[in-house]
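Below is one structure, written out as structure tokens; the observations come after it.
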Amino acid sequence: MSSSQHRGRVLIIAGSDSGGGAGIQADIKAVSALGGYAATAITAITVQNTLGVTGIHAVPEQIIADQMRAVLDDIGADVIKTGMLASRSVIETVVETLEEAAPDVPLVVDPVMIATSGDALVDDGAESVIRERLLPRADLVTPNSDEARRLTGVDVTDLHTQIEAAKALREMGASAALVKGGHVDSSSVRDVLVSQRGLEIMERPRLDTPHTHGTGCTLAAAITALLAQGHALPEATEQAGDYLHEAIKRAPGFGRGHGPVDHMWVVRD
């Protein structure tokens, strides 16, 4: 059976969130809600809830690689998404396994560095290897303003610097860059996509809510699910952003901190 008859397969390589709002759990929910099929390679087990991260326990690199190969050798993937890759050695393992087992499969990189709570999710050695190894392999990279600053050195504070950072990420090797505006101080949220098609800006009203846990994971996973089903990048990005906006609006209000969004609203509607 050809891959065209198996559209929508997504391999997610990321960490687990015990609170269910971010990481692998958010990714599976978003991919499933938007009609894709989610398979996973778990890179770390985090101890966290809406109040923060209190523990990170790495999965051995060999097991990460074995999970990836098990999925790719049998089920396959139309698009692969990476999330939390906490160390240099994990990133190198993932890149090398991709080169060997899925060299032609498109890759969406969510460069997860900081949790919504502000907790650091990568070690110091990881940032340089994200730049050197992961970005050049990425068909799309989706940093928030803080992650974009750490990767490019551009102080992202407004629309102009979002565009500057997105262009810098392309110059660093990514085929396309989406620099998100959720952390930029403005009355609306503007996401900047720079791709081979040029510059596109997506603007939505800012929602005044603390319930934004896992929004970065959710957006990247939603884009990946739509790409895996054959949507073009700009349309996938726009549609995923609309899905996330509504998911934030309908957040169930769980927890005493940064609560999760409503990933499954689209299924109920």
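How many residues does region 218-227 hold that are out of contact with any strand residue (DSSP E or B) (no Cβ under 7 Å at 6 or more places or on another chain) and either surrounded by fewer than 17 Cβ atoms within 10 Å (Cβ to Cβ) or of a type in the set (A, V, I, L, M, F, W, C) (or both)? Residues that pass the stated criteria total 3.
Residues that are more than 13 Å from residue 111 (Cβ to Cβ) and modelled with pLDDT of 95 or more were ranked within region 174-187; the one that is surrounded by the most Cβ atoms within 10 Å (Cβ to Cβ) is 176.
Condition check ((1) in contact with a strand residue (DSSP E or B) (Cβ under 6 Å, 6 or more places away or on another chain); (2) more than 25 Å from residue 126 (Cα to Cα); (3) β-branched (Val, Ile, Thr)) across all residues:
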site: 9; (1), (2), (3): yes, yes, no
site: 16; (1), (2), (3): yes, no, no
site: 25; (1), (2), (3): yes, no, no
site: 37; (1), (2), (3): yes, yes, no
site: 45; (1), (2), (3): yes, no, yes
site: 65; (1), (2), (3): no, no, no
site: 73; (1), (2), (3): no, yes, no
site: 80; (1), (2), (3): yes, no, yes
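Looking only at residues that are under 16 Å from residue 61 (Cα atoms) and among the acidic types (Asp, Glu) in region 90-137, which one is modelled with the lowest pLDDT? Only one residue tops the list, namely 123.
Considering only residues in region 122-146 that are in contact with a strand residue (DSSP E or B) (Cβ under 9 Å, 6 or more places away or on another chain) and more than 14 Å from residue 220 (Cα to Cα), the one that is surrounded by the fewest Cβ atoms within 10 Å (Cβ to Cβ) turns out to be 146.
Checked against (1) touching a strand residue (DSSP E or B) at 6+ places or on another chain (Cβ under 9 Å); (2) among the hydrophobic types (A, V, I, L, M, F, W, C); (3) at pLDDT 95 or above, residue 56 passes all but condition (3).
Under the condition of being touching an Asp or Glu at 6+ places or on another chain (Cβ under 9 Å) and buried (at least 24 other Cβ atoms within 10 Å of the Cβ), which residue from region 60-90 is farthest from residue 229 (Cα to Cα)? Reasoning before the result, please.
Residues of region 60-90 that are touching an Asp or Glu at 6+ places or on another chain (Cβ under 9 Å), as a first pass: 61, 65, 69, 79, 81-84, 86-90.
Now drop any that are not buried (at least 24 other Cβ atoms within 10 Å of the Cβ), which leaves 79, 81-84, 90.
On the way: 79: 9, 81: 14, 82: 18, 83: 20, 84: 24, 90: 28 Å.
Per the criteria, the residue is 90.
Filtering 230, 259, 241 for residues that are over 16 Å from residue 25 (Cα atoms), at pLDDT 95 or above, surrounded by 18 or more Cβ atoms within 10 Å (Cβ to Cβ) and not hydroxyl-bearing (Ser, Thr, Tyr) leaves a single hit, 241. Checking each residue in region 58-107 for being touching a residue at least 60 places away in the same chain (Cβ under 8 Å) and within 16 Å of residue 15 (Cβ to Cβ) picks out 80, 81, 82, 83, 84, 85, 86, 94.
In region 136-147, the condition of being touching a residue at least 40 places away in the same chain (Cβ under 8 Å), of a type in the set (Ser, Thr, Tyr), assigned to a helix (DSSP H, G or I) and over 24 Å from residue 66 (Cβ atoms) is met by no residue. Of all residues in region 59-86, those satisfying the criterion of being hydrophobic (A, V, I, L, M, F, W, C) and at pLDDT 95 or above are 59, 63, 64, 65, 68, 70, 71, 72, 75, 77, 79, 80.
The values are calculated or read from the model by the stated rules, or taken from the named source; none is laboratory data. Everything quoted here is computed from the prediction, not taken from an experiment. A quick note on method: Cβ atoms are made from the backbone with ideal geometry, for glycine too, and the neighbour counts reach across all protein chains shown.
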